[in-house]
Amino acid sequence: MAAAKIAPSMLSSDFANLAAEAERMLRLGADWLHMDVMDGHFVPNLTIGAPVIQSLRKHTKAYLDCHLMVTNPSDYVEAFGKAGASGFTFHIEVSRDNWEELIKSIKAKGMRPGVSLRPGTPVEDVFPLVEAENPVELVLIMTVEPGFGGQKFMPEMMDKVRTLRKKYPSLDIEVDGGLGPSTIDAAASAGANCIVAGSSIFGAAEPGEVMSALRKSVEVSQNKS
Ligand code: DX5
Ligand code: ZN
């Protein structure tokens with residue numbers, strides 16, 4: 001069974017105090033730190049790049065789960081590897097012709113490869129990447145249009161999660177966008193085990209309690225199945 005991983009999205013943190021925010025989340029029970037990388041082209045927003053990952057890496061040993069919402073992910077593999085990224089998740093929509101080399105290069109740089117799908121992309125598109133000789137080790141199902149935190153969860157994406165979980169019982173399946181106490185049960189019962197949450201964690205008076213509630217929902221669903 002794929003273990004529950006709670007990954008606060010640092011996009012909702014105070015970027016001016018990133019190291020302290022990371023440390024606070026880890027102390028309160030985070031497993032991973034989700035790092036949203038946006039290029040202003042694949043999505044209409046700009047966030048962080050490898051220099052920020054490199055700076056943060058000096059302050060923490062945590063798993064840095066990097067989500068690259070960029071048009072040319074292969075241009076950044078080397079820099080993210082050097083910066084100390086742990087996971088490198090690219091989007092299938094921009095990697096249809098080169099995913100095999102991309103996965104190999106991510107692994108060669110010591111990172112864990114993942115693939116993500118926008119809401120409009122069919123889940124079947126990633127089957128070959130999960131079944132490849134050099135497979136991705138995580139599939140990230142976007143549950144909002146990528147680009148911004150604080151949007152509304154799209155429950156209709158749960159069919160994708162169910163399909164993947166049925167086909168791949170031990171795969172890391174991550175959901176991202178609009179997750180929080182009111183939407184976690186839908187995602188957890190569909191089979192998601194890696195939970196990204198930004199505004200619901202950082203906006204809470206007790207972020208640790210929100211993270212425990214997310215974890216508990218995943219574990220309860222897993223014990224039922
Ligand atoms: C959206 C990002 C998400 C975002 C989630 O493009 O990929 O990681 O920060 O934020 P919330 O949990 O607020 O929807
Ligand atoms: Zn993300």
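The values are calculated or read from the model by the stated rules, or taken from the named source; none is laboratory data. In this text, all values refer to a predicted model and were calculated from it rather than measured experimentally. Please note: Cβ atoms are built from the backbone with ideal geometry, for glycine as well, and neighbour counts cover all protein chains shown.
Here are GLY120, GLY110: which of them is on the phi > 0 side of the Ramachandran plot, surrounded by fewer than 21 Cβ atoms within 10 Å (Cβ to Cβ) and assigned to a loop (DSSP other than H, G, I, E, B)?
GLY110
With closer than 23 Å to SER9 by Cβ, among the basic types (Lys, Arg) and assigned to a loop (DSSP other than H, G, I, E, B) as the only criterion, which of LYS160, LYS152 stands out?
Within the list LYS160, LYS152, the selection yields LYS152.
Search region 177-186 for residues being crowded, with 16+ Cβ neighbours inside 10 Å and more than 14 Å from ligand 2 (Cβ to nearest atom), and hand back the single one that is farthest from LEU214 (Cα to Cα).
So, considering only residues that are crowded, with 16+ Cβ neighbours inside 10 Å and more than 14 Å from ligand 2 (Cβ to nearest atom), the one farthest from LEU214 (Cα to Cα) is ALA186.
So, in region 123-149, how many residues would count as being more than 16 Å from ligand 1 (Cβ to nearest atom) and either assigned to a helix (DSSP H, G or I) or under 12 Å from ILE92 (Cβ atoms) (or both)? Before you say what the answer is, go through the steps one by one.
Going residue by residue through region 123-149, those that are more than 16 Å from ligand 1 (Cβ to nearest atom) are 123-137.
Within this subset, residues satisfying the condition of being either assigned to a helix (DSSP H, G or I) or under 12 Å from ILE92 (Cβ atoms) (or both) are 123-130, 136.
Selection size over region 123-149: 9.
Taking the criterion of being out of contact with any Asp or Glu (no Cβ under 8 Å at 6 or more places or on another chain) and within 21 Å of TRP32 (Cβ to Cβ), would at least one residue in region 117-125 satisfy it?
No: zero hits.
Could you list, in sequence order, all residues of region 57-76 that are under 20 Å from LYS5 (Cα atoms) and touching a residue at least 12 places away in the same chain (Cβ under 8 Å)?
Restricting attention to region 57-76, the residues satisfying the condition of being under 20 Å from LYS5 (Cα atoms) are 57, 60-68.
Within region 57-76, ARG57, THR60, ALA62, TYR63, LEU64, ASP65, CYS66, HIS67, LEU68 qualify.
So ILE173 fits all but one of (1) more than 8 Å from ligand 1 (Cβ to nearest atom); (2) part of a loop (DSSP other than H, G, I, E, B); what number is the exception?
(2)
Listed here are the residues, each with its yes/no results for (1) closer than 22 Å to ALA2 by Cα; (2) touching a residue at least 12 places away in the same chain (Cβ under 8 Å); (3) away from ligand 2 (no atom under 14 Å from the Cβ); (4) surrounded by fewer than 16 Cβ atoms within 10 Å (Cβ to Cβ).
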site	(1), (2), (3), (4)
GLY150	no, yes, no, yes
ARG165	yes, yes, yes, no
ASP172	yes, yes, yes, no
VAL175	yes, yes, no, no
ILE195	yes, yes, no, no
ALA205	no, no, yes, yes
MET211	yes, yes, yes, no
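Looking at region 131-141, which of its residues are surrounded by fewer than 24 Cβ atoms within 10 Å (Cβ to Cβ) and either at pLDDT below 95 or within 11 Å of the chain's Cα centre (by Cα) (or both)?
LEU138, the sole residue that qualifies.
Residue by residue through region 106-148, note down the ones that are of a type in the set (S, T, N, Q) and either away from ligand 2 (no atom under 16 Å from the Cβ) or in contact with a Leu (Cβ under 9 Å, 6 or more places away or on another chain) (or both).
Answer for region 106-148, where residues must be of a type in the set (S, T, N, Q) and either away from ligand 2 (no atom under 16 Å from the Cβ) or in contact with a Leu (Cβ under 9 Å, 6 or more places away or on another chain) (or both): SER116, ASN134, THR143.
Conditions tested, residue by residue: (1) in contact (Cβ under 8 Å) with a residue 60 or more places away in the chain; (2) over 19 Å from THR71 (Cβ atoms); (3) over 17 Å from the mean Cα position of the chain (by Cα).
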position: ALA7; (1), (2), (3): yes, yes, no
position: ALA16; (1), (2), (3): no, yes, yes
position: ASP31; (1), (2), (3): no, yes, no
position: ASN45; (1), (2), (3): yes, no, yes
